[in-house]
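The values are calculated or read from the model by the stated rules, or taken from the named source; none is laboratory data. Being a predicted model, the structure only gives us computed values, none of them experimental. Glycine also receives a Cβ, built like all others from the backbone with ideal geometry; neighbour counts cover every protein chain displayed. Just so you know, the surface numbers come from the protein's heavy atoms only, side chains and all, with ligands and any DNA or RNA stripped out. Shrake-Rupley method; radii C 1.70, N 1.55, O 1.52, S 1.80 Å.
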Amino acid sequence: MLEIKNYTKIYSNGKVGAKDINLVVENGDIFAFIGHNGAGKTTTIKSIVGINDITSGDILIDGISIKKHPTEAKKIIAYVPDNPDIYPSLTGLQYLKFIGEVFDVETTTLETLTKKYASLLELTEALNSPISTYSHGMCQKLVLISALIHSPKLLVLDEPFVGLDPKASFNLKNIMHEFVSSGGAIFFSTHVLDVAEKLCNKVAIIKNGEIIKSGTMQEIKQDKTLENVFLEIANE
């Protein structure tokens with residue numbers, strides 16, 4: 001579903017954001033992408049979804065190059081950034097209808113999925129209120145709903161649990177399991193390592209723009225916790 005091939009990102013000031021990254025995320029995977037602040041997580045994620053250009057290498061979404069065919073690739077991706085920036089003058093429902101129109105979602109499908117995910121994330125009562133009145137957590141819920149209503153094949157999430165209350169976090173985990181069990185794939189960054197350890201079947205650790213370790217969760221952990229493995233790498 002997602003194949004990162006020899007991906008390198010060098011910024012105009014010469015800073016290396018990511019260097020020669022190779023990763024494969026398959027259908028059914030919940031893939032954790034972890035590292036310190038500034039390690040290259042968001043840089044890589046923004047290239048996956050077509051925000052950052054790619055200095056060298058390529059990134060394929062279901063076999064489609066985000067570099068060569070960005071529009072086609074973006075149609076099957078949903079991206080949730082770590083800091084949602086959405087239209088404050090719209091109501092939540094207006095925003096979801098707008099996203100539905102962008103992705104040509106049928107009205108009945110849009111209404112059904114909006115009702116389903118708004119209920120699970122406890123946002124139903126706020127959908128008719130302006131987004132300007134939303135808390136950070138409510139904005140996070142709205143963006144998560146908008147990511148799911150067009151039935152993408154790949155979810156790319158940057159710190160998706162930040163700002164969510166415990167019940168919403170629990171329901172999001174169930175939503176993620178449901179999404180991959182129906183054939184989708186999820187690639188997400190997080191600093192909450194115990195969540196990653198319990199939720200994900202695969203993990204990659206990035207440090208200074210390079211992948212230090214990657215594989216199945218059991219291969220990486222062995223007889224340790226993910227937190228212990230990460231801290232050992234961080235201190236090397």
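Limiting things to C-alpha atoms, what are the Rg and the maximum Cα-Cα separation (Dmax) for segment 1-98, in angstroms?
Cα only, segment 1-98: 14.9, 43 Å (Rg, Dmax).
When you have a sec, figure out the Kirkwood radius of the chain from all distinct Cα pair distances and drop it here in Å to one decimal? Numbers along the way, then the final one.
Working: mean 1/r = 0.0547 Å⁻¹.
The answer is 18.3 Å.
Radius of gyration and Dmax for segment 120-167's Cα atoms, expressed in Å?
Gyration radius and largest Cα-Cα distance of segment 120-167: 11.2, 31 Å.
Taking segment 165-236 on its own, what percent of its Cα-Cα pair distances exceed 14 Å?
That fraction is 65 percent.
With the alpha-carbon atoms as the only input, what is the per residue convex hull volume for segment 1-43 in Å³?
Working: hull volume 3.1 nm³, N = 43.
Output value, Cα hull per residue: 72 Å³.
Angle between the Cα long axis of helix 136-148 and the longest principal axis of the chain, 0 to 90 degrees, nearest 10?
90 degrees
Find the percent of Cα-Cα distances in segment 75-138 that exceed 18 Å, and round it to a whole number.
38 percent
Could you work out the equivalent-ellipsoid semi-axes for segment 20-73, taking the square root of 5 times each eigenvalue of the Cα gyration tensor, largest first, in whole Å? Before the final figure, lay out the partial values.
Values: eigenvalues 69, 47, 18 Å².
Result for segment 20-73: semi-axes of 19, 15, 9 Å.
Quick one: check the C-alpha center-to-center distance for segment 1-31 versus segment 136-151, whole angstrom.
25 Å
For the peptides 60-71, 30-41, what is the packing order when you average, over each peptide's residues, the other Cβ atoms within 10 Å and list the highest mean first? Please report the intermediate quantities before stating the final value.
Working: 60-71: 15.9, 30-41: 21.0.
Result, highest mean Cβ count within 10 Å first: 30-41, 60-71.
Per q in 0.11, 0.17 Å⁻¹, report the Debye log10 I(q)/I(0) for segment 55-180, using one uniform scatterer on each alpha carbon and no solvent.
Log10 I(q)/I(0), no solvent term: -0.38, -0.89.
When ligands, DNA and RNA are left out and all protein chains stay put, how many square angstrom of accessible area per residue does segment 1-160 have with a 1.4 Å probe? Write down the numbers at each step before the final one.
On the way: 7600 Å² over 160 residues.
Value returned for segment 1-160: 47 Å² of accessible area per residue.
Taking every pair of Cα atoms in segment 97-236, average 1/r, invert it to obtain the Kirkwood radius, and report Rg/Rh to two decimals. Before the final figure, lay out each step's value.
Working: Rg = 17.2 Å, Rh = 16.7 Å.
With Rh from the inverse mean 1/r over Cα pairs, Rg/Rh is 1.03.
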